[in-house]
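In what follows, a single structure is set out as structure tokens and then discussed.
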Amino acid sequence: MSDTESTRWLVALDVDGTVLHEDGTCTDAVKHAVARATEAGHELMLATGRSWETTAPVLETLDIHPDYVVCANGALVMKRDDEEADGYRRHLIETFDPSDVLKTIARSLDDGRYMVEYPDGFRRYTQGMVDWNLDNAEMVPFERLLHDPVTRVVVVSPEHGEEEFLKIVESMGLHQVTYSIGWTAWLDIAPLGVNKSTALQRVRDWVGIPASRVLVAGDGRNDIEMLSWAGAAGGRAVAMGQAPDEVKEFATEVTGPVDDDGLADVLLSLPGARD
């Protein structure tokens, strides 16, 4: 085993609030740290709730080409394939029937807006989903969302604040799926038992890096499982400084907030990455 292989880390990064600022930008400091960590031989990848179509541009921004990318909160894993037009193919897809959960949510939300994503990346959404990337998507009546298996459901409730929305969701009894609450009143739903950590466990097995050399970084409730997974196995579980306290509880360390380029400090702490 070479020196690089014996010190190589698998580094899985959340996107929004970790790599990217709220306005969608990535600073030069973070780009520099990503480049340094990559040059040092570490495997940097993304683990996000985003669809593949909105994740691929982030890889370009960071100028990284990992073997795997986790999307849709673990329901989709992309694998690098140079024969594909965008360099990746859909390698692992987890789906579920959204009909029961959508009907349950609709009974509790008078002003809910909905979007579902299918295994091929196509999406359908209801009227009012205005703050999302809606390329490769069509607006349909709510009933059109109920029939086909999906990888992901997104629910937005503009009339509720975050804490009020959290209480409403907890009262729904959504036991047949995995879900997480975003920074604002939006709900992300994945197949039961599927989250970022379940996908990352598979990735770690595929790339053959020990659990003790896994670093994950995130800031949201949908990062809790991967933080817990990495920390429990002796890896580094990094919460961003602006993360809610309930997220930080599962971290082994807390870095600075995204506005202060907290991720850059973490990446430069990897073996061989510091200038």
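Can you tell me how many residues in region 186-235 are touching a strand residue (DSSP E or B) at 6+ places or on another chain (Cβ under 8 Å) and not aliphatic (A, V, I, L, M)? Even if it seems obvious, please write down each step before you answer.
Taking region 186-235 first, the residues touching a strand residue (DSSP E or B) at 6+ places or on another chain (Cβ under 8 Å) are 186-196, 199-200, 202-204, 206-207, 209, 213-224, 226-231, 233, 235.
Filter once more, keeping what is not aliphatic (A, V, I, L, M): 186, 188, 191, 193, 195-196, 202, 204, 206, 213, 218-223, 228-229, 231, 235.
Matching residues across region 186-235 total 20.
Which pairs have Cβ atoms under 8 Å, sit 6 or more apart or on different chains, and link a residue in region 191-214 that is touching a residue at least 60 places away in the same chain (Cβ under 8 Å) to one that is assigned to a helix (DSSP H, G or I) and surrounded by fewer than 19 Cβ atoms within 10 Å (Cβ to Cβ)?
Ser197/Ser228; Arg204/Ala211; Arg213/Thr7
When both residues are 6+ apart or on different chains and their Cβ atoms are under 6 Å apart, which pairs have a first residue that lies in region 105-124 and is in the same structural domain as Met78 (by TED's automatic domain parsing) and surrounded by fewer than 16 Cβ atoms within 10 Å (Cβ to Cβ), and a second that is outside any strand (DSSP E or B) and at pLDDT below 95?
none
Exactly one of these conditions fails for Leu200: (1) modelled with pLDDT under 95; (2) over 25 Å from Asp100 (Cβ atoms). Give me its number.
(1)
Restricting attention to region 234-274, which residues are free of Cβ contacts under 8 Å to residues at least 12 places away in the same chain and among the hydroxyl-bearing types (Ser, Thr, Tyr)?
Ser269, the sole residue that qualifies.
How many residues does region 217-233 contain that are in contact (Cβ under 8 Å) with a residue 60 or more places away in the chain and polar (S, T, N, Q)?
1
From the list Val216, Val194, exactly one residue is at pLDDT 85 or above, surrounded by 22 or more Cβ atoms within 10 Å (Cβ to Cβ) and assigned to a loop (DSSP other than H, G, I, E, B). Which is it? Lay out the reasoning, then the answer.
Values: Val216 fails: assigned to a loop (DSSP other than H, G, I, E, B).
Answer to the check: Val194.
Scan region 223-264 for residues that are part of a helix (DSSP H, G or I), surrounded by 15 or more Cβ atoms within 10 Å (Cβ to Cβ) and of a type outside the set (Ser, Thr, Tyr) and report the count. Write out each step before concluding.
Filtering region 223-264 for residues part of a helix (DSSP H, G or I) gives 223-232, 245-248, 258-260, 262-264.
Still in the running and surrounded by 15 or more Cβ atoms within 10 Å (Cβ to Cβ): 223-231, 247-248, 258, 260, 262-264.
The next check asks that each one be of a type outside the set (Ser, Thr, Tyr); those that pass are 223-227, 229-231, 247-248, 258, 260, 262-264.
Selection size over region 223-264: 15.
Just to check your reading of the model, which residue among Asp205, Asp260 is acidic (Asp, Glu), farther than 23 Å from Cys71 by Cα and out of contact with any His (no Cβ under 8 Å at 6 or more places or on another chain)?
On the way: Asp205 fails: farther than 23 Å from Cys71 by Cα.
Step by step, each of Asp205, Asp260 is checked, and only Asp260 is acidic (Asp, Glu), farther than 23 Å from Cys71 by Cα and out of contact with any His (no Cβ under 8 Å at 6 or more places or on another chain).
The values are calculated or read from the model by the stated rules, or taken from the named source; none is laboratory data. The shown structure was predicted, so the numbers you read here are calculated from the model rather than taken from an experiment. Note that each Cβ is placed from the backbone with ideal geometry, even for glycine, and that neighbours are counted across all protein chains shown.
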